[in-house]
1. Just wondering, is there one or more residues in region 317-339 that are open to solvent by less than 50 Å² (accessible area, probe 1.4 Å), out of contact with any strand residue (DSSP E or B) (no Cβ under 7 Å at 6 or more places or on another chain), farther than 28 Å from residue 418 by Cβ and of a type outside the set (Val, Ile, Thr)?
2. For region 397-405, does any single residue satisfy the condition of being over 22 Å from the mean Cα position of the chain (by Cα) and within 27 Å of residue 205 (Cβ to Cβ)?
3. Among the candidates 374, 396, single out the residue that is under 24 Å from residue 33 (Cβ atoms), surrounded by 23 or more Cβ atoms within 10 Å (Cβ to Cβ) and touching a residue at least 40 places away in the same chain (Cβ under 8 Å).
4. May I ask you to list pairs of residues, at least six apart or on different chains, whose Cβ atoms are under 6 Å apart, with the first in region 336-362 being more than 12 Å from residue 206 (Cα to Cα) and the second being among the aromatic types (Phe, Trp, Tyr) and outside any strand (DSSP E or B)?
5. Can you name every one of the helices (runs of 4 or more DSSP H) wholly within region 329-428 that holds 3 or more residues which are more than 23 Å from residue 241 (Cβ to Cβ)?
6. Give the number of residues within region 92-132 that are in a loop (DSSP other than H, G, I, E, B) and either among the acidic types (Asp, Glu) or more than 13 Å from residue 263 (Cα to Cα) (or both).
7. If you check every pair at least six apart or on different chains, which have Cβ atoms under 8 Å apart with a residue in region 35-57 that is farther than 17 Å from residue 394 by Cβ and of a type outside the set (Ser, Thr, Tyr) first and a residue that is part of a strand (DSSP E or B) and open to solvent by less than 50 Å² (accessible area, probe 1.4 Å) second?
8. Looking at residue 87 and the list (1) under 24 Å from the mean Cα position of the chain (by Cα); (2) free of Cβ contacts under 8 Å to residues at least 24 places away in the same chain; (3) open to solvent by less than 60 Å² (accessible area, probe 1.4 Å), which single condition is not satisfied?
Amino acid sequence: MDVNDALYLKAQQVMPGGVNSPVRAYRDVDMAPRFINSADGAYITDADSCRYIDYVCSWGPLILGHNHASVRAAVEQAIPDGLSFGAPTSGEIEIARLIVGMVPNIEMVRMVNSGTEAVMSALRLARGATGRDKLIKFDGCYHGHCDAMLVNAGSSVLDGGRPSSAGVPEGAARDTLTARYNDLDSVRALLEANRDQVAAVIVEPVAANMGVVPPAPGFLQGLRDLCDEFGALLIFDEVITGFRLATGGAQAYFDVRADLVTFGKIIGGGMPVGAYAGSRELMELVAPCGPVYQAGTLSGNPVAMAAGRAQLLWLKQHPYIYEDLEKNGEILAAGLRDAAGAAGVPVRVNRVGSLISVFFTDTDVFDLESARTSDRDLYAAYFAGMLKRGIYLAPSRFEAMFLSDAHTKEDIDTTLKAAAETFRELGG
């Protein structure tokens, strides 16, 4: 028995499923999880000292790679002053000013501790601002594990084959309406059927929790227009896309403006952080300025703020990173398509910027229904083949590959060689 397997047996005795987040259990790929000991740049090393090129990147926030020197130095400098104060710090002001200066159409930011908390708070703010109760989300889009959003959700909820979760009261989900991603008519129908009742439409600008599914041309602007027409707020959940597609996130990348935006751990350099942001008019409805209550002892943690500020400053000062990620993303995606085609394996490779997904299907993937056509067993075999060859991918067919600035041309070449060998095995 290897060390990873031994650790997994121990973990299952004290943690549900042996993990602290469901997708880490590797259930979708029929394997025991890898326990990671260390990481640096584009590489991670597991408990058996196996080294892999990493395309999970802590599920997206490590756009500069693991253990980036500037982020690490900022953390090391902050730690001697204390780990948590439960009080305001100047670091919170600095990173808030940085975010407001980088992201279009926002004037104020509230720090929280996770993407889930950011979404939960933004939804409460939308309801408080509009005086309406109902929300519209999209099949297959994942917005964290707050009760109202665990309705036809994506990510590891899909891995388990459940559209929602036990323990969510009927009343919590009653006011959550679901539309079809990339289908504006389905959104209009819900808005018309619930006129003057919908507080907000929340969307992943690029769906990344049913695999990567790009927005169809005009879809995001169409949502903006519908929200304006029916008096609802538009919320961009940018826990994945924020600062990854561009310094201004999806609003800048697609040139579509949202009313509220949520961010995740990328603004903490990978540390546990989230935030929601919007206009001064909306954000000053949040306590202590206004009647919408939200609080958190660890919000604005000084060490996390230092790490996040270092990463965002680096991105702001090195904008060519996004051009490099776009170029390398296209090389990787095209290479994966070519390798699968040469082996006779039916795949669709979706990409937006540095977000990539390989779907094992001969159907174009543009919504949840088409994403579900991806063959689970083929993905599991592909995952195992790539892992054997030193490539660490998400252990679920419904998750994205994340490129970082640390991935070199040689890393991509190695990845494509491993993919070609793996596809040949699958096609044989």
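1. Yes, region 317-339 contains a residue that is open to solvent by less than 50 Å² (accessible area, probe 1.4 Å), out of contact with any strand residue (DSSP E or B) (no Cβ under 7 Å at 6 or more places or on another chain), farther than 28 Å from residue 418 by Cβ and of a type outside the set (Val, Ile, Thr).
2. The initial filter retains those residues of region 397-405 that are over 22 Å from the mean Cα position of the chain (by Cα), namely none.
Scanning region 397-405 turns up no residue that is over 22 Å from the mean Cα position of the chain (by Cα) and within 27 Å of residue 205 (Cβ to Cβ).
3. Values: 374 fails: surrounded by 23 or more Cβ atoms within 10 Å (Cβ to Cβ).
Exactly one residue qualifies, and that residue is 396.
4. 339/423; 340/423; 343/423; 345/423; 347/360; 360/379
5. Numbers: elements: 368-371, 376-388, 409-427.
The helices (runs of 4 or more DSSP H) meeting that bar are 376-388, 409-427.
6. We begin by selecting, within region 92-132, every residue in a loop (DSSP other than H, G, I, E, B); these are 103-107, 113-114, 131-132.
With either among the acidic types (Asp, Glu) or more than 13 Å from residue 263 (Cα to Cα) (or both) added as a condition, the list becomes 104-105, 107, 131-132.
Residues meeting the conditions: 5.
7. So the pair list comes out as 37/45; 37/46; 40/66; 41/66; 51/44; 51/45.
8. Only one criterion in (1) under 24 Å from the mean Cα position of the chain (by Cα); (2) free of Cβ contacts under 8 Å to residues at least 24 places away in the same chain; (3) open to solvent by less than 60 Å² (accessible area, probe 1.4 Å) is unmet by residue 87, namely (1).
The values are calculated or read from the model by the stated rules, or taken from the named source; none is laboratory data. Keep in mind that what you see is a predicted model, and the values were worked out from it rather than measured. When we count neighbours, we look across all protein chains shown, and the Cβ atoms used for this are built from the backbone with ideal geometry, even at glycine. Areas reflect the complete protein model, heavy atoms only, side chains present, ligands, DNA and RNA absent. Shrake-Rupley method; radii C 1.70, N 1.55, O 1.52, S 1.80 Å.
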